[in-house]
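Chemist: Below are the structure tokens for one structure; questions will follow.
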Amino acid sequence: MDIAQIKTFIAVADTGSFVSAAEKVFVTQSTVSIRIKNLEDQLGTYLFDRSKQGAKLTIAGKQFFKHALALAKLWDEARLSVGIADKMEALLRIGGQVSLWDGFLLKLLPWMRIHAPEIAIRTEMGYSPDLMQKLTEGSLDIAIMYRPQHRTGFKIKQIFEEEIVLVTSLEEDNNIFEHDYIFVNWGPEFISDHALNFPDIQTPRVSLDLGTLGIEYLLVSPSSGYFPKRIAQPLIKEKKLKLVEWAPKFNYPAYLVYADDIEADLMNVILNGIKFLKKASF
């Protein structure tokens, strides 16, 4: 058993697909298949049920998954302590909702490099359920998300209110849904609220899973879509986009979730950074 097998197994479990896992760990699909087969041979059991729909964890696979996360965490910590012990003192693993990275959480990284240069940082994107799962399993130390779940051993702190609004690059905004409306996936919370407010909307011609990068589409092609207001506001001021005033707005409090056992001094640096970024972003 080697760490490449372990991380490949975790990638398949997370994505539910050998193809998607190959993209995530930057190898070919055949390499993923070989690694999983070797791992199963070593453990003496099947870890995935394969089908045309993808790969689903078996009962044994679910049992092994928590051990795989622990092994990957142990490896990261060991590599950190051995490889960069002269420069770094600890590893901080930060997770964030897709929409919260661009324009906010990404700015926390240079803050940390300045105010806590001895801390190595690893980042991940995801949605609230996945982020909470990884926090609970110990593969993340802190995460910022819309709808956290209360778990023993973790603290939850609201940091700001996110507002997702409809913006357009069309000259007229009265028939938006008939003229190249794009749907951007902001996570399960937004998908549910969007369906509730627009039950009769037809499947959009374009659906994007690119987060705020999708706003570039509006700038090159007359169209409309929902985006965080803090990201769209500069473009609205520049008159490159217009806020659709009559459309419903979706508000989601953003929360910081972190483990109780994080060192207090490090947590204070993170909280001060978030406070500074909040003032700069809103």
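The values are calculated or read from the model by the stated rules, or taken from the named source; none is laboratory data. Since the structure is predicted, the reported quantities are computational estimates derived from the model, not experimental observations. Every residue, glycine among them, receives a Cβ derived from its backbone with ideal geometry; neighbour counts consider all protein chains shown.
Chemist: Search region 171-190 for residues that are crowded, with 17+ Cβ neighbours inside 10 Å and modelled with pLDDT under 80 and pair each with any residue that is part of a loop (DSSP other than H, G, I, E, B) and of a type in the set (Val, Ile, Thr) when their beta-carbon atoms are under 8 Å apart and the residues are at least 6 apart or on different chains.
Modeler: Partner pairs satisfying both residue conditions: Asp173/Val244.
Chemist: Just checking, how many residues over region 126-162 are under 16 Å from Asp102 (Cα atoms) and without any contact (Cβ under 8 Å) to a residue 40 or more places away in the chain?
Modeler: Total satisfying the criteria: 1.
Chemist: With Phe48, Phe26, Phe18 as the choices, which residue is crowded, with 17+ Cβ neighbours inside 10 Å, aromatic (Phe, Trp, Tyr), over 25 Å from Leu135 (Cβ atoms) and not assigned by TED's automatic domain parsing to the domain that holds Arg122?
Modeler: It is Phe18.
Chemist: Output the qualifying pairs, or none if there are none: Cβ atoms under 7 angstrom, residues six or more apart or on different chains, first residue in region 1-30 and touching a residue at least 40 places away in the same chain (Cβ under 8 Å), second residue aromatic (Phe, Trp, Tyr) and outside any loop (DSSP other than H, G, I, E, B).
Modeler: Matching pairs, first to second residue: Ile3/Trp75; Val12/Phe18; Val12/Phe48; Ala13/Phe65.
Chemist: Right, next: Scanning region 127-163 for residues that are under 13 Å from Ala254 (Cα atoms) and basic (Lys, Arg), which turns out modelled with the lowest pLDDT?
Modeler: Arg147
Chemist: Moving on to the next point. Given the options Gln149, Gln158, name the one that is surrounded by fewer than 16 Cβ atoms within 10 Å (Cβ to Cβ) and either of a type in the set (Gly, Ala, Ser) or more than 19 Å from Phe282 (Cβ to Cβ) (or both).
Modeler: Being surrounded by fewer than 16 Cβ atoms within 10 Å (Cβ to Cβ) and either of a type in the set (Gly, Ala, Ser) or more than 19 Å from Phe282 (Cβ to Cβ) (or both) holds for just one of Gln149, Gln158, which is Gln149.
Chemist: Also: For Phe227, work out the one condition from (1) under 24 Å from Phe104 (Cβ atoms); (2) in contact with a strand residue (DSSP E or B) (Cβ under 9 Å, 6 or more places away or on another chain); (3) outside any strand (DSSP E or B) it doesn't fulfil.
Modeler: (3)
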